[in-house]
Amino acid sequence: MENKPGDANRITREFFDSLLIEMRHVGAVLPDTSMTLYGENFSTPIMTAALSHLDKFGYHPDGMVELAKGAKAADAVMWAGMGSFEELERICATGAKTIKIIKPYADNDLIFKKIAHAEECGCIAVGMDIDHSFNRRGEYDVIDGVQMTGKTQEEINQFATATRLPFIVKGVLSVHDAVKCMEAGVQGIVVSHHHGILNYAVPPLMVLPQIMDVVKGRMQVFVDCGIESGYDVFKALALGANAVSLGRIILEPLREKGADGAAEMIREMTGELAGAMARTGAGGVFGIDRSVVWGM
């Protein structure tokens, strides 16, 4: 990894690697990696990230649909980022249980339209990617020629109450925003710095325990950014996360083998997670004892 000053991805990787795991074998049992999320059952807490535009970046000509097929094959949650109405319909048509994340468009009518469309497609949840409100120059962001803007707590509440689906906010990296999201009626947050969108950003796992202590189980908390192994997944779950997302790490397997490559990676990491659980006395993915992780 390139050593650039303030590189949040390098800082995040170093923090992951600074966390150590103690062993607990007495009384340990075979681990169960399954989870239930928003009324749906899954074999693993390892999900895809809310990726987008995979065809443009050369990963696969039909990358998002292939990724959805891989998630379904691995019995994992599929997340979908920015994309057309037609693409989301094709993603959901694979049978993958999907969460749709919407950009913070300046046009709120478009946001409400996309929320309604996610419902129509049968998504299990919908949400907003608030960390794309601004660019690196402190201006409102423009993505694919479309204007973004910041969103108030009141607006987030309006989005959350406009749907019968659970509403999730992605890009939370502070207790401050976690509390604001709870007050706005949000039912899930993604603790993430969006692959280093802010230099010197605090690693998600560094702030996660403080967020969990405030949330106290009142909404789902997911982790994104820098997950590279089942051991990373274990550390995130031990520190309180309900599930994690795989972003760039899943792209090469997708490029090489399509849906099969994505499914294989999720299964391989789930196996590593199970190995860590077995050697730490963790019978299930929920309630892993935080004290097995050292170095905080």
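Quick look at the values:
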quantity	calculated
Cα-based Lys pair tally, the range 110-251, threshold under 21 Å, eight or more apart or on separate chains	11
Sites matching trypsin sites (Lys or Arg not before Pro) across the range 84-189 that sit in DSSP coil, with at most 15 neighbouring C-beta atoms within 10 Å	ARG136, ARG137, ARG164
Set of lysines near LYS56 by C-alpha distance (under 21 Å), chain-local residues within fewer than 8 positions excluded	LYS69, LYS100, LYS103, LYS257
GluC sites (Glu not before Pro), loop per DSSP, at most 10 other Cβ atoms within 10 Å - longest free stretch of the chain	140-296
Stokes-Einstein diffusion coefficient of the range 41-83, Kirkwood radius over Cα pairs, 10 °C, 1.306 mPa s, in µm²/s	150 µm²/s
In nm, spacing of pseudo-spin labels at LYS257 and ALA162 (7 Å Cα→C-beta vector)	4.0 nm
Whether the range 165-237 is rounded, prolate or oblate, judged on the alpha carbon gyration tensor where a/c under 1.5 counts as rounded	prolate
Spacing of the two label points (7 Å from each Cα toward its C-beta) at GLU155 and TYR38, in nm	2.2 nm
Pairwise Cα inverse-distance average, inverted: Kirkwood Rh of the range 210-296 (Å)	13.8 Å
Rounded to whole Hz, the Karplus (6.51, -1.76, 1.60) HN-Hα couplings of the range 43-60, x for glycine and proline	7, 8, x, 8, 10, 6, 7, 7, 7, 6, 6, 5, 5, 5, 8, x, 7, 5
With DNA, RNA and ligands ignored, accessible area of ARG279 (1.4 Å probe; Å², nearest 10)	130 Å²
Of GLY63, MET23, ALA116, farthest towards positive along the dipole that unit charges on Lys, Arg, Asp, Glu beta carbons give the chain	MET23
Dipole magnitude of the range 31-125 about its Cα centre (Cβ charges: Lys, Arg +1; Asp, Glu -1), debye to nearest 20	140 debye
Trypsin sites (Lys or Arg not before Pro) within the range 1-85: DSSP coil, no more than 11 neighbouring Cβ in 10 Å	LYS56
Stokes-Einstein D (µm²/s) once Rh is taken as the Kirkwood radius of the range 83-129 over alpha-carbon pairs, at 4 °C in 1.567 mPa s	122 µm²/s
Full-stretch length increase - ASP144, SER174 - with 0.36 nm per residue and alpha-carbon distance subtracted	8.0 nm
Calculated Cα extents along the principal axes in Å (choose from (1) 57, 41, 38; (2) 50, 45, 34; (3) 62, 41, 34), label	(1)
Nearest-10 value in Å² for the accessible area of TYR38, using the 1.4 Å probe	60 Å²
Which of HIS194, HIS25 is most accessible, then next, and so on - probe 1.4 Å	HIS25, HIS194
Bins of 10 Å, starting at 0 and running to the largest distance - Cα pair percent for the range 70-151	18, 46, 26, 9, 0
Dipole in debye (nearest 20) - the chain, about Cα centre, beta carbon charges: Lys, Arg +1; Asp, Glu -1	420 debye
Unit charges on C-beta of K, R, D, E only; dipole of the range 158-239, Debye	260 debye
Rg over Rh, two decimals, the range 26-180 (C-alpha only, Kirkwood Rh)	1.00
Label-point separation, SER291 to HIS53 (7 Å along Cα→Cβ), nm	4.8 nm
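The values are calculated or read from the model by the stated rules, or taken from the named source; none is laboratory data. Here the structure is a predicted model, which means the values were calculated and not measured. We place every Cβ from the backbone using ideal geometry, glycine too, and count neighbours over all the protein chains shown. These accessible areas exclude ligands, DNA and RNA; they are computed on the full protein's heavy atoms, side chains included. Shrake-Rupley method; radii C 1.70, N 1.55, O 1.52, S 1.80 Å.
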